Amino acid sequence: MDPRPIGDILKDRNIILKGADAASMMGFTQVPNFLLKSKKLSSGDKMAFAMLLSYAWQNDYCFPGQRRLAEDLGLDERSVRRNLKSLEVNGLLSIKQRGLGKTNIYELNLTVSSDVRSRPDKNVRSRKAQ
């Protein structure tokens, strides 16, 4: 794998993406489509999951404080707790409390039951059909 920043790699391939350096400097996060299309989750739930994913992809672990989550999401801590609880109830998140004054450890579940998923998008062909 090429260790150079994506902006440098894209320059070598003659692809012009305006703002690529600014975007690649902060990274990006891929979010599973089943999560984005879920009718059971609020937009806040989805953003909280995406933010936890962004921390986890960077470090292979995830234990931000709720204050940090709230600041990064532009929400108050109460809203973040509500979003985390919803993710937990829907089987997308497991929370391990480490004790007084310590941050929780969040385990993101990327394999979930079908009741959280929405119907498959009819406009998307499966790989088998191609």
> Right, residue 76: within 18 Å of residue 29 (Cβ to Cβ), open to solvent by 30 Å² or more (accessible area, probe 1.4 Å) and at pLDDT 90 or above or not?
Replying inline: no
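Here's the yes/no breakdown for (1) in a helix (DSSP H, G or I); (2) touching an Asp or Glu at 6+ places or on another chain (Cβ under 7 Å); (3) at pLDDT below 75; (4) surrounded by 13 or more Cβ atoms within 10 Å (Cβ to Cβ):
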site: 15; (1), (2), (3), (4): no, no, yes, no
site: 18; (1), (2), (3), (4): no, no, yes, no
site: 25; (1), (2), (3), (4): yes, no, yes, no
site: 45; (1), (2), (3), (4): yes, no, no, yes
site: 53; (1), (2), (3), (4): yes, no, no, yes
site: 57; (1), (2), (3), (4): yes, no, yes, yes
>> I'd like the full set of residues that are within 17 Å of the chain's Cα centre (by Cα), open to solvent by less than 90 Å² (accessible area, probe 1.4 Å) and without any contact (Cβ under 8 Å) to a residue 40 or more places away in the chain, limited to the stretch 84-106.
In response: 84, 88, 91, 94, 95
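The values are calculated or read from the model by the stated rules, or taken from the named source; none is laboratory data. Since this is a predicted model, take the numbers as computed values, not measurements. Reconstructed Cβ throughout: ideal geometry from the backbone, glycine too, with neighbour counts over all protein chains shown. Side chains included, ligands, DNA and RNA excluded: accessible areas come from the protein's heavy atoms. Shrake-Rupley method; radii C 1.70, N 1.55, O 1.52, S 1.80 Å.
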